[in-house]
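Take a look at the structure set out below.
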Amino acid sequence: MNAPHDRWVVGVDLGGTNLVVATMTTDGRRTAGLQTGLTRAEEGADAVVARIAAMISASIDETCRTEGVTRDAILGVGVGSPGPLDRAKGIVIVTPNLGWRDFPLRDRVAAAVQLPATLDNDANCATLGEWWIGAARGARHVVGITIGTGIGGGLVLDGKLFHGASDVAGEIGHTTVDVTGRRCKCGNYGCIEAYASAPAIAERAREALQHEEHSSIADLVGGDLSKITARTVYDAAKTGDAVALEIVREAAKFLGAGLANLLNIFNPDCVVIAGGVTAAGDTLFEPLRVEVRRRAFKPAVEACRIVAGTLPGTAGVAGAVAAFLQQRAE
């Protein structure tokens, strides 16, 4: 039952494709007013801000109605956005998926809904959310990886997000695992993202099927290779398809090499992996753990659990709320 003294914060998870908004209590135990929609970045930044504001208002209205609270109970809004960002100024410096550059997202949202707002990186938020109320709860030092269209990451050290000197700490997807490897969309070669992101896995499958006589991957898309997604590959791998298993194991190898580096550098007690890749289950996680054990120092491996995220769809929202609370306390 809702307590009259509860305070609430709205969390916004802004992605290149989807928008998720919800309102949570400051202890993370209650969530209300969940709103989901499409970002529609092609309509321009002003339209996206208007959509975010409308979803925030709808979430607050629903929370007030269902939880019996007044708008005075809403402390503010935490926004998670693709970056890189300037948190102090509340600016999205550049984000290719949205087509923005030097956009004052925090202040635009705050002005639109007449509430204080904070801004943080979306992958940071997903990591913080899993640490706060998800799979990494109880850990002190957490490395988070979000795998979807791209690969993002976040670092929680001693219970606080680590941002680095210029707010770009945690860009795990753009660490190099093969110096002469595949070209990444960031312009570098051999990034983890070029091997283990969802589009990379789908592209690797299309390449493999040019040389293979048969694979159930092709059957799952009716022979139209353009329809292959990472999920197609995961589904085929679970049936024992040799081509799919090879692709997933290759992705696990590169991801494991990157994780081993992070274990040796940060010595976390938990690595949490979130995003669509978790649909692969043990097909990915077992070879991934093997690769990490093979490459990282034994004491680092023994101290760390590697787990799948448990907040699908809402980790970014929870983390945006937690980031608001941490920034407010600074």
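The values are calculated or read from the model by the stated rules, or taken from the named source; none is laboratory data. Values in this document were obtained by computation on a predicted structure and should not be read as measured data. Note that each Cβ is placed from the backbone with ideal geometry, even for glycine, and that neighbours are counted across all protein chains shown.
Which residue is surrounded by the most Cβ atoms within 10 Å (Cβ to Cβ), if the candidates are limited to segment 136-158 and must be closer than 21 Å to Ser197 by Cα and small (Gly, Ala, Ser)?
Gly144
Give the residue, chosen from Glu291, Glu286, Glu302, Glu330, that is crowded, with 18+ Cβ neighbours inside 10 Å and of a type in the set (Asp, Glu).
Only one candidate qualifies: Glu291.
Among all residue pairs at least 6 apart or on different chains, which show Cβ distances below 7 Å where the first residue, located in segment 296-313, is part of a helix (DSSP H, G or I) and the second is surrounded by 13 or more Cβ atoms within 10 Å (Cβ to Cβ) and not aliphatic (A, V, I, L, M)?
Going by the 7 Å Cβ cut-off, the qualifying pairs are Ala300/Asn264; Ala300/Asn267; Val301/Arg293; Ala303/Asn267; Ala303/Asp269.
Only one residue in Gly181, Gly173 is under 14 Å from the mean Cα position of the chain (by Cα) and either surrounded by 14 or more Cβ atoms within 10 Å (Cβ to Cβ) or in a loop (DSSP other than H, G, I, E, B) (or both). Which one?
Only one candidate passes the filter, namely Gly173.
Residue by residue, here is whether (1) over 22 Å from the mean Cα position of the chain (by Cα); (2) part of a strand (DSSP E or B); (3) among the acidic types (Asp, Glu) holds:
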{"residue": "Gly11", "(1), (2), (3)": "no, yes, no"}
{"residue": "Gly33", "(1), (2), (3)": "no, yes, no"}
{"residue": "Gly37", "(1), (2), (3)": "no, yes, no"}
{"residue": "Glu42", "(1), (2), (3)": "no, no, yes"}
{"residue": "Arg51", "(1), (2), (3)": "no, no, no"}
{"residue": "Thr66", "(1), (2), (3)": "yes, no, no"}
{"residue": "Leu98", "(1), (2), (3)": "no, no, no"}
{"residue": "Ala112", "(1), (2), (3)": "yes, no, no"}
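Are any of the residues in segment 91-101 in contact (Cβ under 8 Å) with a residue 40 or more places away in the chain, touching a Leu at 6+ places or on another chain (Cβ under 6 Å) and of a type outside the set (Asp, Glu)?
No, every residue in segment 91-101 fails to be in contact (Cβ under 8 Å) with a residue 40 or more places away in the chain, touching a Leu at 6+ places or on another chain (Cβ under 6 Å) and of a type outside the set (Asp, Glu).
For segment 114-160, name all the residues that are under 18 Å from Asp13 (Cβ atoms), more than 14 Å from the chain's Cα centre (by Cα) and among the polar types (S, T, N, Q).
Thr118
How many residues does segment 145-165 contain that are part of a strand (DSSP E or B) and either among the aliphatic types (A, V, I, L, M) or farther than 15 Å from Val272 by Cα (or both)?
The number of residues fulfilling the criteria is 8.
Of the numbered conditions (1) surrounded by 21 or more Cβ atoms within 10 Å (Cβ to Cβ); (2) more than 28 Å from Arg294 (Cβ to Cβ); (3) touching a Ser or Thr at 6+ places or on another chain (Cβ under 9 Å), Tyr234 fails exactly one; give the number of that condition.
All conditions are met except number (2).
Considering only residues of segment 74-88 that are outside any strand (DSSP E or B) and in contact with a helix residue (DSSP H, G or I) (Cβ under 8 Å, 6 or more places away or on another chain), which is nearest to Ala41 (Cα to Cα)?
Selected residue: Pro82.
For segment 240-281, what are the residues that are among the polar types (S, T, N, Q) and modelled with pLDDT of 95 or more?
Asn261, Asn264, Asn267
β-branched (Val, Ile, Thr), out of contact with any Lys or Arg (no Cβ under 9 Å at 6 or more places or on another chain) and touching a residue at least 60 places away in the same chain (Cβ under 8 Å) - does that describe any residue in segment 148-156?
Yes, segment 148-156 contains at least one residue that is β-branched (Val, Ile, Thr), out of contact with any Lys or Arg (no Cβ under 9 Å at 6 or more places or on another chain) and touching a residue at least 60 places away in the same chain (Cβ under 8 Å).
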